[in-house]
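The values are calculated or read from the model by the stated rules, or taken from the named source; none is laboratory data. Nothing here was measured: the structure is a model prediction, and the numbers come from that model. No Cβ is skipped: glycine too gets one built from the backbone with ideal geometry, and neighbour counts run over all protein chains shown. Note: areas computed on protein heavy atoms with side chains; ligands, DNA, RNA excluded. Shrake-Rupley method; radii C 1.70, N 1.55, O 1.52, S 1.80 Å.
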Amino acid sequence: MTSVFTRRQFAQTTGSAAILTAAGTLRAQQKVDSMETLRIGLVGCGGRGTGAASQALGADYNAKIVAMADIDDAQIENSIKSLSQKYPDRVDVQPDKRFIGLDAYQKLIDSGVDVVLLASPPGFRPVHLMAAVDAGKHIFAEKPMAVDTIGYHLAMAAVKKAAEKKLNLVAGFCWRYSTSRSEAFKRVQDGDIGAVTSVLATYHTGPVKPMPPASARTPAMSDVEWQIRNWYNFSWLSGDSIAEQAVHSIDKICWAMGDKPPVSCIATGGRQIPAEGGNIYDHFHAAFEWGNGLMCHLANRQIKGCAGHNQDVVRGEKGVLIIGKGSAPFIDGPKRWRFRGSEKNMYDLEHEALFNAIRKGEVINDGERMMLSTLVGIMGREAAYTGQLITWDHMLACTQDLAPDDLKWGDSFTPTPMPMPGVTKFQLPEPEKPENVEAGKEKKKA
């Protein structure tokens, strides 16, 4: 399996690729206002990817899954079997459209699909996203969209290019498509609780994909294969739990704050249960300041045997919105309210929005807000990892790149060590030497 993950080179060369892929954009747009079959390709055939494919098929009854990509052919087989039970006539993935390996995503994108579902580990998302945009595909992208700031900038460039090409880009921040949450946050934005004064969001649950002991690794398995097969436990692949799972809660904080970035963040976190060779924390608490002392807190934990708690409390000058606590969202205050409508599956709704837009010739681009929430999640992680106060300007200037520069399936690769606050450093650009700055000014004048 050849190298396909040189992200710096990808970022430098991808701009020219758009010139060569205009036909792909046209091909995707030809589906507009017609009942021609939409051909769907799935990248990442695990549980979430298979779920996304099922919801895509449920959203458009003249769509078919025609291509799949994964690192493991067993994953593809299991996904086909699962989807075929529900949609026996609309899963048509021929053997030559089952792509295996680190370059499988590109082969799928080049196979003639119209819509790409991106559900691989998020460390790969920026490259996959840019490749799909360059090829003129409509896209569903699971959250988060990056795990480090190099990835963030690449994914943001893809978002802007998708807008220029008028491609649909729907994000897997599913709560944005929830009927009850949409109404609740609209009431916040309409001033029903007054100006927001604080937010507390919790995401306390058990381990998601626990790291197996080293004895489970076969002698023939390379570092890269071992880490990808256990991707959740490595920050270069998952981004850690605050950026991969609790980013849903961060997304709701950003929603409450009008999708504006925080000014700064201070955070704590650590590891209480054995990491078994992984390098992620199992708990975080991040305090984000949105200016003028307005603080929003995110607490998440993934430890077995602890109380589960998933709640959002948005306090305002005239009331409070509470989401979670086993009941429908409600507002307590002068403008009392409780959601009493019917709640349709939000996973279905996000795919319905995508496919309806494609059929109607409309464009949805969730890009700006999905990238904001992604970077805020990374910001909280870095504040906890380093023990430093991190500003938004720091995040935009950060040069962090967690992945190996040139990734091959059989490679040896040692990821960053378990972070240690006070020791782990935040990666800002090296300050320019005065003589280089002056030389740059003269060059600009010339």
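Results, tabulated for the structure shown:
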read-out	value
Close pairs (6 angstrom Cβ cut-off, 6 or more residues apart or separate chains): open to solvent by 10 Å² or more (accessible area, probe 1.4 Å) in region 117-134, among the charged types (D, E, K, R) anywhere	119/48; 119/142
Conditions (1) out of contact with any Gly (no Cβ under 9 Å at 6 or more places or on another chain); (2) at pLDDT below 95; number of the one not met by residue 53	(2)
Region 255-306, residues that are among the acidic types (Asp, Glu) and either open to solvent by 50 Å² or more (accessible area, probe 1.4 Å) or part of a strand (DSSP E or B) (or both)	259, 276, 289
Residues of region 203-215 classified as touching an Asp or Glu at 6+ places or on another chain (Cβ under 9 Å) and in a helix (DSSP H, G or I), total	1
Enumeration of residues in region 274-289 that are farther than 19 Å from residue 390 by Cα and in contact (Cβ under 8 Å) with a residue 60 or more places away in the chain	275, 276, 277, 278, 279, 282
Filter result for the condition that a residue is over 22 Å from residue 60 (Cβ atoms), of a type outside the set (A, V, I, L, M, F, W, C) and surrounded by fewer than 24 Cβ atoms within 10 Å (Cβ to Cβ), over 374, 386	386
Residues located in region 149-202, provided they are in contact with a strand residue (DSSP E or B) (Cβ under 7 Å, 6 or more places away or on another chain), farther than 13 Å from residue 366 by Cα and open to solvent by 40 Å² or more (accessible area, probe 1.4 Å)	187, 195, 197, 200
Candidate set from region 56-102 (those that are open to solvent by less than 30 Å² (accessible area, probe 1.4 Å), in contact (Cβ under 8 Å) with a residue 60 or more places away in the chain and of a type outside the set (Gly, Ala, Ser)); member that is nearest to residue 359 (Cα to Cα)	60
